[in-house]
Amino acid sequence: MLALSRAQVPQLAFLRRLIEEVGSAKELLENASHIQDIVPDATPKLVSLLTDRSLVELAEREMEFIEKNNIKLICMGDEAYPCRLSECDDAPLVLHSMGNADLNARHIVSIVGTRHASEYGKELCANFVADLAKFVPGTLIVSGLAYGIDVCAHRAALNAGLPTVGVLAHGLDRIYPSVHRSTAKSMLEKGGLLSEFMSGTEPFKQFFVQRNRIVAGMSDATVVVESASKGGSLITASIAQSYSRDCFAFPGRVNDQYSCGCNELVSRNKAALITSAWDFVEAMNWEVATKKKSADELQTELFPELTPEENAVITALRADSDGMQVNQLVVRLNIPINKLLPLLFEMEMKGYVKAVAGGCYRAMMR
């Protein structure tokens, strides 16, 4: 199967049909020179691709690398192969896997978005994953280990105790970008890394688009957090739609560059609008382990280690994702400014709030 996956046959669905008709990948390679006797519509070019002697040599070298580096080779038809992905016509014949993730977990969600994530987007992503872990423990989070929303989703999953898998656009002999190496290492302990590419494959641009079909295909649903009007996350959403998978998007301000894509997905009915993990879980009709808390319960239990005044500040700031100016907080909370300023300073030192442009403060995700 590994050798056959290197044949560069453009239509994977046709190649899968060939394997089924012949009986197995091994039999297909062994009978490639006269495959037209078995499958009359096989073209001379296909025969040339399948009879290339280098295919087996490449596969043998790759098997040596796999065995030396504790990599699992998962072939289509294996029990470990992602069953959702196998339903897709263009699913890869083989996957290279590291880690301990269950690729057939009961619930799998792909989270994608821009590489230029804003603080708003990062907090949306982190809050979504943290709440999802409470509502549906054990959900597998899938993304692409890229800059921005991708790596935020992986790190949020690790922080929330959820397994997470990164689908790579290159071989498992490297991590790209290299700055995410420590995150990738942590993912191997609770989740893993996945690729259809052999070792030595460099992260060329076209491979990122190619890997997006795996991100979309192995999941129950795709969630887009932030996206410009063009980008890989919109491609992933489009692929998810073509696979008849659910697609969701978080809305953003109409003038924000990296909200345009999400807003367009919603306006064109290509994705359902969500504002929280609860919206998502309800839309998916998943059984929840923890009920959604009411606003009063959340305000009471927000941060039990803080004083009532500090909790009041957090509650007020969380009502506006853009933040609030000090004078607005004075009016909202009826706290004198000479008391509020030291309170805000102390809370910023503790990591509960953050001063942002325009003399505003925002609540931080905890």
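The values are calculated or read from the model by the stated rules, or taken from the named source; none is laboratory data. Remember, it's a predicted structure, so these values are computed and weren't measured experimentally. Here Cβ is always computed from backbone atoms with ideal geometry, including for glycine, and neighbour counts include all displayed protein chains. These accessible areas exclude ligands, DNA and RNA; they are computed on the full protein's heavy atoms, side chains included. Shrake-Rupley method; radii C 1.70, N 1.55, O 1.52, S 1.80 Å.
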Self-check item: Some residue of the range 143-150 being touching a Pro at 6+ places or on another chain (Cβ under 7 Å) and either closer than 26 Å to CYS260 by Cα or surrounded by fewer than 20 Cβ atoms within 10 Å (Cβ to Cβ) (or both)
Solution: yes
Exercise. Determine if the range 132-139 includes at least one residue that is open to solvent by 30 Å² or more (accessible area, probe 1.4 Å) and in contact with a Phe, Trp or Tyr (Cβ under 8 Å, 6 or more places away or on another chain).
Key: no
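Would you check if there is a residue in the range 98-119 being assigned to a helix (DSSP H, G or I) and surrounded by fewer than 18 Cβ atoms within 10 Å (Cβ to Cβ)? Before you say what the answer is, go through the steps one by one.
So the first thing to find is which residues in the range 98-119 are assigned to a helix (DSSP H, G or I), and the list is 119.
From what's left, surrounded by fewer than 18 Cβ atoms within 10 Å (Cβ to Cβ): 119.
Checked the range 98-119: at least one residue is assigned to a helix (DSSP H, G or I) and surrounded by fewer than 18 Cβ atoms within 10 Å (Cβ to Cβ).
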Quiz item: Within the set of pairs 6 or more residues apart or between chains, which connect a residue that is more than 27 Å from LEU273 (Cβ to Cβ) inside the range 201-222 to a residue that is in a helix (DSSP H, G or I) and open to solvent by 30 Å² or more (accessible area, probe 1.4 Å) with Cβ atoms less than 9 Å apart?
Solution: THR201/PHE207
Quiz item: Counting only residues that are within 9 Å of ALA363 (Cβ to Cβ) and not in a loop (DSSP other than H, G, I, E, B), which one in the range 306-332 is most open to solvent (accessible area, probe 1.4 Å)?
Solution: ARG318
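Would you call ALA153 in a loop (DSSP other than H, G, I, E, B) and open to solvent by less than 10 Å² (accessible area, probe 1.4 Å)?
Values: in a loop (DSSP other than H, G, I, E, B): no; open to solvent by less than 10 Å² (accessible area, probe 1.4 Å): yes.
So ALA153 fails the test.
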Quiz prompt | Positions within the range 152-179 being out of contact with any strand residue (DSSP E or B) (no Cβ under 8 Å at 6 or more places or on another chain), closer than 22 Å to ALA130 by Cβ and not basic (Lys, Arg), in sequence order | solution = CYS152, ASN159, ALA160, GLY161
Self-check item: Complete set of residues in the range 49-85 that are within 21 Å of ALA240 (Cβ to Cβ) and at pLDDT 95 or above
Solution: TYR81, PRO82, CYS83, ARG84, LEU85
Quiz item: Which condition breaks for VAL129 when tested against (1) open to solvent by 10 Å² or more (accessible area, probe 1.4 Å); (2) farther than 20 Å from ILE175 by Cβ?
Solution: (1)
Quiz prompt | Index of the failed condition, ARG213 passing every other in (1) at pLDDT 95 or above; (2) in contact with a Gly (Cβ under 9 Å, 6 or more places away or on another chain); (3) under 25 Å from ASN100 (Cβ atoms) | solution = (2)
Quiz item: Within the set of pairs 6 or more residues apart or between chains, which connect a residue that is outside any helix (DSSP H, G or I) inside the range 61-88 to a residue that is open to solvent by less than 50 Å² (accessible area, probe 1.4 Å) and basic (Lys, Arg) with Cβ atoms less than 9 Å apart?
Solution: MET76/ARG16; CYS88/ARG213
Quiz item: Taking ILE175 and the conditions (1) open to solvent by 20 Å² or more (accessible area, probe 1.4 Å); (2) in contact with a helix residue (DSSP H, G or I) (Cβ under 6 Å, 6 or more places away or on another chain); (3) within 23 Å of HIS107 (Cβ to Cβ); (4) not small (Gly, Ala, Ser), which numbered condition does it fall short on, given that it satisfies the others?
Solution: (3)
Self-check item: the range 187-204, subset outside any loop (DSSP other than H, G, I, E, B) and open to solvent by 50 Å² or more (accessible area, probe 1.4 Å), residue farthest from GLY99 (Cα to Cα)
Solution: GLU189
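Here's the yes/no breakdown for (1) out of contact with any Gly (no Cβ under 6 Å at 6 or more places or on another chain); (2) among the acidic types (Asp, Glu); (3) modelled with pLDDT of 85 or more:
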| position | (1), (2), (3) |
| --- | --- |
| ALA312 | yes, no, yes |
| GLY323 | yes, no, no |
| VAL330 | yes, no, yes |
| ASN338 | yes, no, yes |
| GLY351 | yes, no, no |
| LYS354 | yes, no, yes |
| TYR361 | no, no, yes |
Self-check item: All positions within the range 236-256 that are free of Cβ contacts under 8 Å to residues at least 40 places away in the same chain and closer than 22 Å to GLU119 by Cα
Solution: PHE248, ALA249, PRO251, ARG253, VAL254, ASN255
Self-check item: Failed criterion for LYS291 (all others in (1) open to solvent by less than 80 Å² (accessible area, probe 1.4 Å); (2) modelled with pLDDT under 90; (3) within 27 Å of the chain's Cα centre (by Cα) hold)
Solution: (1)
Quiz item: Taking the range 214-242 as the search range and keeping residues that are surrounded by fewer than 23 Cβ atoms within 10 Å (Cβ to Cβ) and charged (D, E, K, R), which one is nearest to ILE108 (Cα to Cα)?
Solution: ASP220
Quiz item: Looking only at residues in the range 333-366 that are of a type in the set (Val, Ile, Thr), open to solvent by less than 60 Å² (accessible area, probe 1.4 Å) and not in a loop (DSSP other than H, G, I, E, B), which one is nearest to THR315 (Cα to Cα)?
Solution: VAL353
